[in-house]
2 protein chains.
Amino acid sequence: MSSDTVTSTTQTANDRIDGWLARLDAALSAGDVDAVLELFGPDCYWRDFVSFTWNLHTAEGPEQIREMLDDTLERTAPRAWQREGDADETDGITESFLTFETAAGRGRGHLRLNGDTAWTLLTTLQELAGFEERTGADRDRGVHHGVVRGRETWKQGLERERAELGYERDPYVVIIGGGQGGIALAARLRRLDVPTIVLEKNPNPGDSWRNRYESLHLHDPVWYDHLPYLPFPDDWPVFASKDKIGDWLESYTKIMELNYWTSSTVRTAGYDEASQQWTVEVDRDGASVTLNPTQLVFATGMSAVANIPEVPGQDVFRGEQQHSSQHPGPHAYKGKKVVVIGSNNSAHDICAALWEHEADVTMVQRSSTHIARSDSLMDLALGGLYSEEALAAGVTTDKADLIFASLPYRILPEVQKPVYEEMAKRDAEFYDGLEAAGFQLDFGEDDSGLFVKYLRRGSGYYIDVGASQLIIDGEVKLVGGQIDHLTEDAVVLADGTELPADLVVYATGYSSMNGWVAQMVSQEMADKVGKVWGMGSDTTKDPGPWEGELRNMWKPTQQDNLWFHGGNLHQSRHYSQFLALQLKARMEGLDTPVHALAEVHHTS
Amino acid sequence: MSSDTVTSTTQTANDRIDGWLARLDAALSAGDVDAVLELFGPDCYWRDFVSFTWNLHTAEGPEQIREMLDDTLERTAPRAWQREGDADETDGITESFLTFETAAGRGRGHLRLNGDTAWTLLTTLQELAGFEERTGADRDRGVHHGVVRGRETWKQGLERERAELGYERDPYVVIIGGGQGGIALAARLRRLDVPTIVLEKNPNPGDSWRNRYESLHLHDPVWYDHLPYLPFPDDWPVFASKDKIGDWLESYTKIMELNYWTSSTVRTAGYDEASQQWTVEVDRDGASVTLNPTQLVFATGMSAVANIPEVPGQDVFRGEQQHSSQHPGPHAYKGKKVVVIGSNNSAHDICAALWEHEADVTMVQRSSTHIARSDSLMDLALGGLYSEEALAAGVTTDKADLIFASLPYRILPEVQKPVYEEMAKRDAEFYDGLEAAGFQLDFGEDDSGLFVKYLRRGSGYYIDVGASQLIIDGEVKLVGGQIDHLTEDAVVLADGTELPADLVVYATGYSSMNGWVAQMVSQEMADKVGKVWGMGSDTTKDPGPWEGELRNMWKPTQQDNLWFHGGNLHQSRHYSQFLALQLKARMEGLDTPVHALAEVHHTS
């Protein structure tokens, strides 16, 4: 293709986007919802993060878009729709980034046209007017030069803040959990001047990574893993070791000047509807502190309360029994017989580490599992958005995050299926080896692969970083079946197979994150907010009805002023932006009417 | 101007640069030095950092360029000269970035044509072929996924390295001094796999900043101050507090995984010409360690050995006497009478801090001083290269550093004069106020201002961050004159003025950095390498003959394997690149013949 042709294609694509945005602008400005709907095709999605809905919400199809606009258009007062950068046209789909403004702030989005009507539209709030982050030319001056007696230095100010916040004055937000999720959110809130305390149970930032098994490295590549504001240096390894990530989080926490309370746990928390404040009883390094924030965020990790199956004979067994979250690592088990119940990520990781330390390891697979090799995931699933090649093509992390978000969850499985078909072909020999070893494989119930499975249930897969080869080679023994009972020294399966054991590890997963609410607040409140994560796909561990977005994550819940935050590094980075804006808006007393607050269909 | 005109001007400028580079390429490839010289005008400069000369050297005029090429061309084998980005034409000068290659590596440069012949050419070595930093797509993988018994983790590897380096195996480089200079150089050497130990006398990285007076903020704006590889976040204040910089340096040192020995001082160091190794006796936190590096870098700060004038009566005076470097800060001196001898940066800073703490302060000005207000410096002197506006215009820090370096020191005064003429106008009222208070002002001996004065003597100026107003207002008393003697309780000037004093602070500057060599190695070696800093401008404290580059900084000295590194944050960032490449090349045994090794004209 000549460069003239490229230019002309781009021009046509730009014109198409510009024309559509002009028509959208006119229809929205006129408050003419019918005219807006004419711009969408019959198969259409409008996903909104905060900008129209003060919610994370996907309106699916014309009728839901109508409902959304009827509820939100007047007060949102959107305007100034502009294409951002050049549009792209491939296979009849024209797509582009865009910017817009609302009564509350400035937004950014992404549009896909199928022909001349919209297939997908993403709108996201980027900043609140009047409460912008002070960066670049608007950054703080640091010092107004001049000599002033008694002026407080930066250090004195920081020390005073740390002495006062939580004691002499209330934080507006308390974040329970100081892993990557809590840290990323706190960094964003700091830039927005929202007084925030992060509570972390470990003695140092980063310990939640350091405490994990020795050989752990990130399973996702570096381009996918940046935190906000301070990208990793450009020599950062593709898959960093857990201790390196731990150290980075510690430095990051310091650089971002977070109010980060280490060795701090929540004893109890309660919400007073009258004062609209929380009372959070904290054990800070042995001392009791009562915090009264307005907003409480659970960033305690998707892996919440441990699921341990009840098995007859657990009281008879003379060896050790642990949930995977209690497993202290492999060092004490050299030469021991270990039975690991489960076949997801934790089970594989623990088996591999035990094998490395010369334990005699058996994995018990109870149901089929999706295995995706880390390299293949990087190349096939993430490479288009998060890689050196993507960067070279102008797809920065910010842009990649928006493109990733531009695909509504309803259509994501269809988009993902070809990726995993390709993976199955590419790694056919590998999968054959696993099946030959007796491993029960799946690619998700509809073959939509790992990321969709992660969204649906947060489990049911292993990102292979080496353990699968141990199973293929028989180095880690594999047995399929259900546990029937334990004897004094063995696990007995339903088919009578007896597995001698000094240690049984239950790598049997976790309950929903609202289990933390039950533990710290009350079962009643946990039931009120309901199940966290999953989207109602009507697949295993993610019962219907369809909800369109992840349950309770990063958005308002049925409990005022109670929020959930977390996920992998990518999600912690991207969604912290929208949660931070929701919290800031409330602190500033802006009107934040929530459209389509999700109902609770499941309590766990 | 229409966009067509802009395009056509750019095209003409590009063509001019391209044509010149093609002719240069042909002449160099043919080894035809006469033809090369035809491409330069009569007033011409070729400044080279390492790429041709293995030195920092400016060839001034055709004859020096001929000498340089006669000596270096054949072995350098330069080729592939290319314009980088669009050229720019202003007032008959066409300028552009450029790239090229040599036998040893890849280079980058900058060219200014006056008409069709070169006025200034800068050539710099950017990386050594075969020894590139592993970044971006070439970055380390971090882990090769797979389960391997006994594999060393990242953390174990780092701990092993730290246990071994300096004990079981020799570092290739030892850097004395762990301020911004030592840290930036060590970060670059780390990326180049050069085993390096940094020796820092304080207990923590960043302490050299933290230990300074309380109200200190950077005098240079943030855009000028980045360290390599990890820019400050975009909300970093324009003028950061010294403690914030200290904390940043500490985090930076950790993130860059430097072998950074705290609480470590050099007792003695000696060089063995036979083995070409140093013996460095170190006190590391009370324990003796002997290091045997091949290369020794003094990054001890431009402010080396304190100059204290000998004054009759110093033995009689009953109060305290301190050099500015010994001054413990103002806290103990509330209500005390303090006489500060000197009127440069330290004197002003100390006077202001003492005034803040309600001491009775008198400054004794012995000679005229250049004062430049920090804001004016930022706007007039640095803003074109280091500012938000510059960034928006595409002038990244890397590009700004190259442009800054593209002006040979010979012509820098002429370029700088208009800046300070403008400053004198802009701040006329301020300067009038100072003169009215009796302050003796200058703008450098040739009115070329602060940066040139800094290069010539590293002293003689104050970047005003507020103390000048105290002098204007008489809050800090000012007396001009020379000290004659001290009595039991006063400083007496030559004109008989008696200044009662509880404390005398000698803010009387420092001797040359080779004073450190005298202290740690020998006077003989200090004399052998000679004076450090300054360029032979034949002005006060910078005697001729003209040398063209800073003496001994970042380049080979008369002592094999002995180097000096330092300067402000800008210089620490930029010049560490060229010093790191010189060290790496030597470690790898590359041929590094030095062109025009500077002679020693002064020993201090």
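The values are calculated or read from the model by the stated rules, or taken from the named source; none is laboratory data. Keep in mind it's a predicted model, so treat the numbers as computed, not measured. All Cβ positions, glycine included, derive from the backbone under ideal geometry; neighbour counts span all protein chains shown. These area figures cover heavy atoms from the full protein model, side chains too; ligands, DNA and RNA do not enter into them. Shrake-Rupley method; radii C 1.70, N 1.55, O 1.52, S 1.80 Å.
In table form, for the structure just shown:
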quantity	calculated
Solvent-accessible area buried by B and A, counting both chains, probe 1.4 angstrom, square angstrom	5000 Å²
The range B:253-408: translational diffusion in µm²/s, Stokes-Einstein, Kirkwood Rh over Cα pairs, 20 °C, 1.002 mPa s	102 µm²/s
Size descriptor, Kirkwood hydrodynamic radius, that averages inverse alpha-carbon separations across the range A:34-100, Å	13.2 Å
Cα pair distances exceeding 15 angstrom across the range A:326-390, given as percent	60 percent
The protein assembly as shown - Rg (one decimal) and Dmax (whole number), Cα, Å	33.9, 109
Distance (nanometres) between label positions extended 7 Å along Cα→Cβ at residue A:497 and residue A:331	3.2 nm
Cβ crowding within 10 Å averaged over residues, with B:472-483, A:530-541, A:160-171 ranked highest first	A:530-541, B:472-483, A:160-171
Label-point gap, in nm, between residue A:268 and residue B:169 - each point 7 angstrom along Cα→Cβ	5.9 nm
The range B:445-543: projected area of the alpha-carbon convex hull, averaged over directions, in nm²	9.4 nm²
For residues of A:228-236, the mean tally of beta carbons on other chains within 10 Å	6
Reference-scaled alpha-carbon Rg (2.2 N^0.38 Å with N residues) for chain B	1.02
Cα Rg over Rh - the range B:66-116, Kirkwood	1.06
Average partner coverage of A:150-156, which counts Cβ from other chains inside 10 Å	5
Reach of residue A:242 by Cα under 20 Å, taken over lysines that are not fewer than 8 positions away in the same chain	A:201, A:254, B:155, B:254
Other-copy label distances relative to residue B:63, 7 angstrom Cα-Cβ extension, nm	9.3
Packing-based ranking, highest mean first, of B:173-181, B:55-63 given that Cβ atoms within 10 Å are counted	B:173-181, B:55-63
Nearest-ten-degree value, helix B:412-426 long axis tilted from longest Cα axis of chain B	50 degrees
Förster-model FRET efficiency, 51 Å R0, residue A:393 and residue B:441, C-beta, rounded to 0.05	0.40
From the C-alpha gyration tensor of the range B:464-515, square roots of 5λ in Å	21, 21, 10
Size of electric dipole in the range A:77-145: Cβ of Lys, Arg +1 and of Asp, Glu -1, about Cα centre, debye, nearest 20	380 debye
Farthest toward positive dipole pole in the range B:414-533 [+1 Lys/Arg, -1 Asp/Glu at C-beta], among B:481, B:529, B:444	B:529
For the A-to-B rotation axis, chain A residue with nearest beta carbon and its distance in angstrom	A:251, 2
For the range A:125-245, fraction of C-alpha pairs farther apart than 18 Å, in %	67 percent
Other copies of residue A:284: label-to-label distances in nm, shortest first, labels 7 Å along the beta-carbon direction	3.8
Computed Rg/Rh of the range A:222-339, alpha carbon atoms with Kirkwood Rh	1.07
Estimated dipole of the protein assembly as shown in Debye, rounded to 20 [Cβ of Lys and Arg +1, of Asp and Glu -1, Cα centre]	2300 debye
Protection proxy ranking, peptides B:594-602, A:380-388, average beta carbon neighbours within 10 Å, highest first	A:380-388, B:594-602
Position residue B:591, label points 7 Å along Cα→Cβ, spacing to each other copy in nm (shortest first, one decimal)	7.9
Computed accessible area, residue B:525, all protein chains, 1.4 angstrom probe, square angstrom	20 Å²
Cα-based reach from residue B:555 at 19 Å (exclusive), listing lysines while leaving out same-chain residues under 8 positions away	B:528, B:531, B:584
Added length on full extension, which subtracts the Cα-Cα distance from 0.36 nm per residue, residue A:322 to residue A:485	57.1 nm
Square roots of 5 times each gyration tensor eigenvalue, C-alpha, the range A:326-436, largest first, Å	35, 17, 14
Chain B, relative contact order [Cα under 8 Å, separation at least 6], %	16 percent
Cα-based Rg and Dmax for the range B:137-189, where Dmax is the largest Cα-Cα distance (Å)	15.0, 42
More than 16 angstrom apart: percent of Cα pairs within the range B:1-116	61 percent
Per-selection metrics, the range A:89-174 (Cα): Rg and Dmax in Å	22.4, 68
Förster radius 35 Å - calculated FRET efficiency between residue B:541 and residue B:66, Cβ distance, rounded to 0.05	0.60
Charged-residue dipole, Cβ positions (Lys, Arg, Asp, Glu), chain A about Cα centre, Debye nearest 20	1860 debye
At most 10 other Cβ within 10 Å, DSSP loop - trypsin sites (Lys or Arg not before Pro), the range B:128-157	B:149
Euclidean distance between Cα centres, the range A:392-456 to the range A:575-604, Å	30 Å
Average partner coverage of A:241-247, which counts Cβ from other chains inside 10 Å	5
Whole-number Å³ per residue for the convex hull built on Cα positions in the range A:466-604	180 Å³
